Each structure stands twice: as structure tokens, then as C-alpha cells.
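Encoded as C-alpha cells, the structure appears first; notes follow it.
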Amino acid sequence: MAVRILCIKTDVRLHENPYIAIDSLEWVNERINVKGVTERAKLYDWIKDADGDAYIIDEYGNKTSLIPAVCPDGNKYVKTVADESEPDYLLALPQSA
């Protein structure tokens, strides 16, 4: 199953790693038109352990898959770039209500 990430919900506290500020991600399975919201760590587990596929479509129509990552302190998160030298479209998504 593949899901397209539509928006993110972040908390208001400052975080050293901006990905950890993401509490949950809103998604849609475009094949069957089902929407949902998943916590950051659960989405990480789904991608890493269940071969899930989550992606973003940028403003140019390019599809970029999310990849799992872990902070040095053990927090699980997802991102779209291998390193932070490129902009990450995940962080640029709109905030969910």
C-alpha cells in the first residue's frame, strides 16, 4: 500500500531536530481514496518494518518517497532527503487543523 502525505501536525515546542516536532501526518491512499492520520513513530515503523510506501508530490509534480531515520537519542522520524543539505518537502507541507 502507498499513501500520499498531504499535511503535517507539529507541536509548538522548539526541537533541535525539526522532524521530531512533527506529531502526526495526514495522508490519503489515492488508489482507494481513503484518508487517515498517523503518528510520526507509527509511520516510521510502517515504512521500515512493513515495507510501507509514503510519498510527497511537490509543487512541480515530482514524487519523493519518505525514508525512515532515527536521532542519536533514539527518536524515530521520517524525511524525504538522505541528508539535510537539500530542502525537505515534508517540512514544507501545510499544517493540518
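Some notes on this structure:
- Of all the listed residues (PRO94, PRO72), the sole one being in contact (Cβ under 8 Å) with a residue 24 or more places away in the chain and of a type outside the set (A, V, I, L, M, F, W, C) is PRO94.
- Scanning the range 1-38 for residues that are charged (D, E, K, R) and either loosely packed, with under 14 Cβ neighbours inside 10 Å or in contact with a Lys or Arg (Cβ under 8 Å, 6 or more places away or on another chain) (or both) returns ASP11, ARG13, GLU16, ASP23, GLU26, GLU30, ARG31, LYS35.
- Strands (runs of 3 or more DSSP E) lying entirely in the range 1-55 (those with 2 or more residues that are among the basic types (Lys, Arg) and without any contact (Cβ under 8 Å) to a residue 12 or more places away in the chain): none
- Residues satisfying the stated conditions in the range 62-80, i.e. closer than 14 Å to LEU90 by Cα and out of contact with any Leu (no Cβ under 8 Å at 6 or more places or on another chain): ASN62, LYS63, THR64, SER65, ILE67, PRO68, ALA69, TYR77
All of the numbers you see were taken from the coordinates with simple rules; none came from a lab. In this text the structure is predicted, and so the values were computed from the model without any measurement. All Cβ positions, even for glycine, are placed from backbone atoms using ideal geometry, and neighbour counts span all protein chains on display.
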